[in-house]
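The structure under discussion appears below in the form of structure tokens.
The values are calculated or read from the model by the stated rules, or taken from the named source; none is laboratory data. Please read all numbers here as calculations on a predicted model, not as lab measurements. Cβ sites come from the backbone with ideal geometry, for glycine too, and all protein chains shown count toward neighbours. In case anyone asks, the SASA skips ligands and DNA or RNA and just uses the protein heavy atoms, side chains included. Shrake-Rupley method; radii C 1.70, N 1.55, O 1.52, S 1.80 Å.
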Amino acid sequence: MEYLTTANHGSHFDPHPQYNLYHTLVSKQAPDNDTVWVKMMEKTLRYDVTGLPNNQQDCLRRIGFDGYVFDNVSEAQMDYGLLHLYVYVSKNKQTDGSYVIANLGLNPLYNDYTRYDKNNLFNPSFIFKLYVHDTGEKDATGIPVYTVSLYGKVQGNFSSITFQPTSLHLVNPNANNYDATDITTNPNAAGHERIDALLEPLVNSNYEKETDIEEKHKGDISYTTNHPVLPQSYEQVDRNNNGNGIVDLLPYTTMLTVAPKADFKTWPLKLIKPSPWQDQQGFELTILTFGNVNFVNSALFAQETNEDGGIALKNKVDKIYDPGTVIKLIRYNNYWIQE
């Protein structure tokens with residue numbers, strides 16, 4: 001009888017690691033502020049493996065996983081998000097000319113409010129990018145064979161990516177044909193073993209510069225999480241809610257809709273108070289007016305005496321815009337400037 005050891009049964013305090021609810025994969029730390037991209041995954045997508053020997057069947061038709069993303073190493077980053085990836089090769093050609101369908105998204109669950117300058121939609125703590133590369137090879141059915149590569153970007157020096165998987169969905173090209181020595185394609189392997197193997201590059205890869213990655217994947221189709229998710233959650237509607245013509249922006253508001261009061265009387269929009277998230281140089285706020293709102297020219301460009309949240313209108317006079325007008329304001333110092 002073979003005795004249980006750390007080699008065959010986990011460590012003394014974790015004899016059953018397959019049941020560990022806190023299982024995480026952690027990248028190395030970024031060495032500087034320019035080398036901030038790390039490869040997380042690279043896998044061949046093939047629709048059919050008919051005719052291939054077993055040792056060449058280490059490929060998948062479908063890859064899907066979800067997991068929590070956080071830093072857990074650098075004290076400067078305490079954001080917490082949910083990463084979703086679902087990518088597969090189809091037998092039908094897509095509008096972009098490929099046979100690959102991909103869905104990549106990052107939903108923020110908690111944003112670190114202690115460091116507003118680094119945590120916003122335009123400069124998120126993490127960015128993920130998926131590249132789809134046509135290898136030029138075709139399978140037995142004539143469908144192209146692809147390589148998909150997932151990269152993650154951190155804020156800068158000393159930052160890292162910690163990934164805590166919550167779900168995994170892997171589908172082989174042919175149910176009974178797979179490379180038994182490849183853990184990602186072996187259906188008899190445990191789920192935590194398969195995702196560990198799939199995301200092995202995240203743990204062991206060195207960070208790279210963005211220019212090098214872009215050069216390496218020149219011509220590839222790409223998907224990125226660097227865009228606002230759930231955009232409807234960033235609209236804020238105000239009908240002189242405070243009663244004093246001052247609007248207090250909610251965290252993450254990127255679009256402010258202003259409308260007449262319930263009795264349709266005109267009200268003056270005097271000040272727009274940003275949350276610390278919007279209170280940064282160059283932040284762009286979109287305003288949509290439903291009419292009957294008097295935009296007050298409550299600030300002057302390059303004046304040090306402007307009240308916080310003041311608005312410097314283009315024509316320097318108060319104005320009631322027609323319903324449906326869209327106004328762009330740029331945050332500058334402590335006031336807003338109309339584009």
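Which pairs turn up if I take residues in the range 160-180 that are on the phi < 0 side of the Ramachandran plot and of a type in the set (D, E, K, R) and look for partners that are modelled with pLDDT under 95 and open to solvent by less than 20 Å² (accessible area, probe 1.4 Å) with beta carbon separation below 6 Å, at least 6 apart in sequence or on another chain?
Here the result reads D179/Q57; D179/T185, each pair linking the range 160-180 to a residue that is modelled with pLDDT under 95 and open to solvent by less than 20 Å² (accessible area, probe 1.4 Å).
Only one of T254, T266, T325 is open to solvent by 60 Å² or more (accessible area, probe 1.4 Å) and among the hydroxyl-bearing types (S, T, Y). Can you tell me which?
Matching residue, one of T254, T266, T325: T266.
Find the residue count for the range 146-175, including only residues that are closer than 19 Å to G81 by Cα, open to solvent by less than 40 Å² (accessible area, probe 1.4 Å) and assigned to a strand (DSSP E or B).
7
Would a scan of the range 194-204 turn up a residue that is closer than 29 Å to Y332 by Cβ, under 29 Å from the mean Cα position of the chain (by Cα) and not in a loop (DSSP other than H, G, I, E, B)?
no
Restricting attention to the range 37-85, and to residues there that are part of a loop (DSSP other than H, G, I, E, B), of a type in the set (A, V, I, L, M, F, W, C) and under 21 Å from the mean Cα position of the chain (by Cα), which single residue is farthest from P108 (Cα to Cα)?
V73
Identify, by number, the condition in (1) more than 19 Å from V69 (Cβ to Cβ); (2) surrounded by 18 or more Cβ atoms within 10 Å (Cβ to Cβ) that S275 doesn't meet.
Every condition holds for S275 apart from (2).
Taking the stated definitions as given, is E215 open to solvent by 70 Å² or more (accessible area, probe 1.4 Å) and farther than 24 Å from L109 by Cβ?
yes
If I ask for residues that are at pLDDT 95 or above, surrounded by fewer than 19 Cβ atoms within 10 Å (Cβ to Cβ) and either in contact with a Phe, Trp or Tyr (Cβ under 8 Å, 6 or more places away or on another chain) or not in a strand (DSSP E or B) (or both), which ones from the range 106-138 would you list?
Scanning the range 106-138 gives D134, T135.
In the range 303-322, which residues are of a type in the set (S, T, Y) and open to solvent by 60 Å² or more (accessible area, probe 1.4 Å)?
T305
Looking only at the range 293-314, how many residues end up being part of a loop (DSSP other than H, G, I, E, B), touching a residue at least 12 places away in the same chain (Cβ under 8 Å) and on the phi < 0 side of the Ramachandran plot?
Number satisfying all stated conditions: 12.
If you check L288, L300, which single one turns out to be open to solvent by 70 Å² or more (accessible area, probe 1.4 Å), at pLDDT 90 or above, over 30 Å from L83 (Cβ atoms) and aliphatic (A, V, I, L, M)?
Within the list L288, L300, the selection yields L300.
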